[in-house]
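What follows is a set of notes on a single structure, which appears directly below.
The values are calculated or read from the model by the stated rules, or taken from the named source; none is laboratory data. Predicted, not measured: the structure shown is a model, and the values here were computed from it. Cβ placement follows ideal geometry from the backbone for every residue including glycine, while neighbour counts extend to all protein chains displayed.
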Amino acid sequence: MTIPRATLIEVARAANTSKTSVSRFFGPERDKLSPTLKARIDTAARALGYQPNLMARGLKGGGTRLLGMLVADIRNPFSVAAVHGVEQAARTRGYSLIVCNTGNDPAQEQRHLALLSAYQVEGLVVNAVGAPNQVLDSLTQTGVPVVLLDREIPSVSSAVVGLDNALAIDTALDHLVARGYRQVLYVTNDPATASARRERLERFIDQSAKRQLTAHVQSSLDPARLYPALKALKTPPAPTAVLCANGTATLSAVQGFQALGLTLGAVGLMGIDELDWCALVGPGITTLAQPFDAIGEAAIARLLDPLGTRITDRHAPHLLARGSTIHPDFPLI
């Protein structure tokens, strides 16, 4: 049996006031009501279990106080941490967040964007999997601000918020050089599918050469391709480390180390993105942690700032040095 929802009129009757006053109480004009009237309306609404219809309010031009967020893969630890940071920042400003997962499917991404538009969201944070240029352009033309998270879409002139990819690669290489490693295998999933992966890979190739490092790239996480590349590190000609482009690559590399019997440190291992288990594996895995709280705060700030929609806002990583980058022949002083 369906229990009928309490209506705004019923709340007004219970609070002995007008429908307009109740509407104001649940909208941006609450401050216009007296403390006594606000208390009566609040008591009546709680007693009746009344919830305002945010969709109806949005259609009337009052604003839904809803923000949308689209993530490429909710199973990815990056997505979980990013959603948490964005939701916290939205909540402190009185907004609720609708999160949609595309599952790395561009068609699903298009469907979710249409759905979020129908929900009258007041802004949208997008961690794109495809290139939904046309839909995003249509949204921005109707006045819905869009912020791109981590991944750029060149033809969409929206703010981009995320990690400083160049600084992350530079920090990683400087750390590995300081720890005595002279050869680096860079492990990444397909760089063609995400701008952040391409930026990191291009920076790795450029900066490895400048540091006179012997550099190799493995751009597949398929064990059939990744494990042979890792196996070759058992007898390297020089102290060698593996640098992982993201948390997914780090997990695949750790599984490869364990399957092949590689010793952490003797073969260095470092990952971009801190994962909960990185401190628990062997001597601990060195990582570069993304400041997700700051990134989430910046994404919401850019979203709600009509003058900041074209800004690129990159954030520095935090180095968490652990035993996986301590080579036995180069003990720390």
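Here is how the numbers come out for the structure above:
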| quantity | calculated |
| --- | --- |
| Residue list for the range 141-185, filter: among the hydroxyl-bearing types (Ser, Thr, Tyr) and either crowded, with 16+ Cβ neighbours inside 10 Å or modelled with pLDDT of 95 or more (or both) | Ser158, Thr171, Tyr181 |
| Residue in the range 29-44 that is under 22 Å from Gly123 (Cβ atoms), surrounded by fewer than 18 Cβ atoms within 10 Å (Cβ to Cβ) and modelled with pLDDT under 70 present | no |
| Any chance Asp150 is among the charged types (D, E, K, R), more than 16 Å from the chain's Cα centre (by Cα) and within 26 Å of Val242 (Cα to Cα) | no |
| The range 1-18, subset modelled with pLDDT of 85 or more and not aliphatic (A, V, I, L, M), residue surrounded by the fewest Cβ atoms within 10 Å (Cβ to Cβ) | Asn16 |
| Residues satisfying the stated conditions in the range 191-227, i.e. hydrophobic (A, V, I, L, M, F, W, C), assigned to a helix (DSSP H, G or I) and under 24 Å from Leu260 (Cβ atoms) | Leu201, Phe204, Ala224, Leu226 |
| Residue that is farthest from the chain's Cα centre (by Cα) [pool: residues in the range 250-274 that are of a type outside the set (Ser, Thr, Tyr), assigned to a helix (DSSP H, G or I) and surrounded by fewer than 24 Cβ atoms within 10 Å (Cβ to Cβ)] | Leu260 |
| Condition check for Pro283: over 24 Å from the mean Cα position of the chain (by Cα), part of a loop (DSSP other than H, G, I, E, B), closer than 17 Å to His175 by Cβ and not polar (S, T, N, Q) | yes |
| Search result, residues across the range 84-107 that are in contact with a strand residue (DSSP E or B) (Cβ under 8 Å, 6 or more places away or on another chain) and either at positive phi or not hydrophobic (A, V, I, L, M, F, W, C) (or both) | Glu87, Arg91, Tyr95, Ser96, Asn101, Thr102 |
| Within the range 73-187, helices (runs of 4 or more DSSP H) holding 2 or more residues that are among the hydrophobic types (A, V, I, L, M, F, W, C) and more than 27 Å from Ala321 (Cα to Cα) | 77-92, 106-118, 133-141 |
